[in-house]
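What follows is one structure encoded as C-alpha cells, with my remarks underneath.
The values are calculated or read from the model by the stated rules, or taken from the named source; none is laboratory data. What you see is a predicted model, and the numbers here were worked out from it, not measured in a lab. Here Cβ is always computed from backbone atoms with ideal geometry, including for glycine, and neighbour counts include all displayed protein chains. We work out accessible area using only protein heavy atoms, side chains counted, and drop any ligands, DNA or RNA first. Shrake-Rupley method; radii C 1.70, N 1.55, O 1.52, S 1.80 Å.
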Amino acid sequence: MSPTRSQAERDAMTVEIGFALLTGVFVAALAFGAVLSPLLFTDPGRTGTGVLLAAAGSAAGVAFEWRVVRVLRRFTGRRAG
C-alpha cells in the first residue's frame with residue numbers, strides 16, 4: 001500500500017505531466033520540420049516525398065516519446081532522491 005500523497009504533490013505531478021507533453025509536442029514538431037526541410041530546396045518526386053514524410057513522422061514520434069520519458073524520469077528521480 002502506497003503512502004497518501006498530499007495535494008501539493010499531486011499538483012506538482014500534474015504540472016510536470018503537462019510540461020512533459022507540451023515540450024514533447026514542441027520537440028516532435030522540430031524533428032518533423034528538420035526531416036522535411038530538404039523539401040524546401042529540392043523536388044525528390046512523389047516517392048521521395050513519401051519517404052521523407054514517413055521518416056519525419058517516425059522521427060517526430062521518437063522525439064516526442066524521448067522528451068516525455070526524459071522529463072518524467074528526471075522529475076521522479078528528483079522526488080525520490
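Could you list, in sequence order, the residues of region 57-71 that are open to solvent by less than 50 Å² (accessible area, probe 1.4 Å) and under 20 Å from ILE17 (Cβ atoms)?
Narrowing region 57-71 to residues open to solvent by less than 50 Å² (accessible area, probe 1.4 Å): 57, 59-61, 63, 67-68, 71.
ALA60, GLY61, ALA63, ARG67, VAL68, VAL71 - these are the residues of region 57-71 that are open to solvent by less than 50 Å² (accessible area, probe 1.4 Å) and under 20 Å from ILE17 (Cβ atoms).
Can you tell me which residue in region 42-51 is nearest to the chain's Cα centre (by Cα), limited to those that are of a type in the set (Val, Ile, Thr) and exposed (fewer than 13 other Cβ atoms within 10 Å of the Cβ)? Among them, the one singled out is VAL51.
Taken as a whole, region 72-80 holds at least one residue that is among the small types (Gly, Ala, Ser) and exposed (fewer than 13 other Cβ atoms within 10 Å of the Cβ).
Take ALA54 and decide whether it is more than 19 Å from PHE75 (Cα to Cα), at pLDDT 95 or above and open to solvent by less than 40 Å² (accessible area, probe 1.4 Å). Quick ask: steps written out before the conclusion?
On the way: more than 19 Å from PHE75 (Cα to Cα): yes; at pLDDT 95 or above: yes; open to solvent by less than 40 Å² (accessible area, probe 1.4 Å): no.
Against the criterion (more than 19 Å from PHE75 (Cα to Cα), at pLDDT 95 or above and open to solvent by less than 40 Å² (accessible area, probe 1.4 Å)), ALA54 does not qualify.
Kindly establish whether THR76 is of a type in the set (Val, Ile, Thr) and touching a Leu at 6+ places or on another chain (Cβ under 8 Å). Judged against the criteria, THR76 is not a match.
What number of residues in region 1-13 are open to solvent by less than 90 Å² (accessible area, probe 1.4 Å) and in a helix (DSSP H, G or I)?
Of region 1-13, the ones open to solvent by less than 90 Å² (accessible area, probe 1.4 Å) are 6, 8-9, 11-13.
Retained after the next criterion (residues that are in a helix (DSSP H, G or I)): 8-9, 11-13.
Of the residues in region 1-13, 5 are open to solvent by less than 90 Å² (accessible area, probe 1.4 Å) and in a helix (DSSP H, G or I).
When residues in region 1-32 are screened for being under 30 Å from ALA55 (Cα atoms) and acidic (Asp, Glu), 1 of them pass.
Taking first residues from region 8-33 that are touching a residue at least 24 places away in the same chain (Cβ under 8 Å) and partners that are loosely packed, with under 13 Cβ neighbours inside 10 Å and not in a helix (DSSP H, G or I), the Cβ contacts under 9 Å between residues at least 6 apart in sequence or on separate chains come to MET13/ARG5. Checking each residue in region 26-36 for being surrounded by 15 or more Cβ atoms within 10 Å (Cβ to Cβ) and within 8 Å of the chain's Cα centre (by Cα) picks out VAL27, ALA28.
Against the criterion of being open to solvent by 40 Å² or more (accessible area, probe 1.4 Å), at pLDDT 95 or above and at negative phi, LEU39 does not qualify. Taking the listed residues ARG5, ARG70, the one that is modelled with pLDDT under 95 and of a type in the set (D, E, K, R) is ARG5, with no other qualifying.
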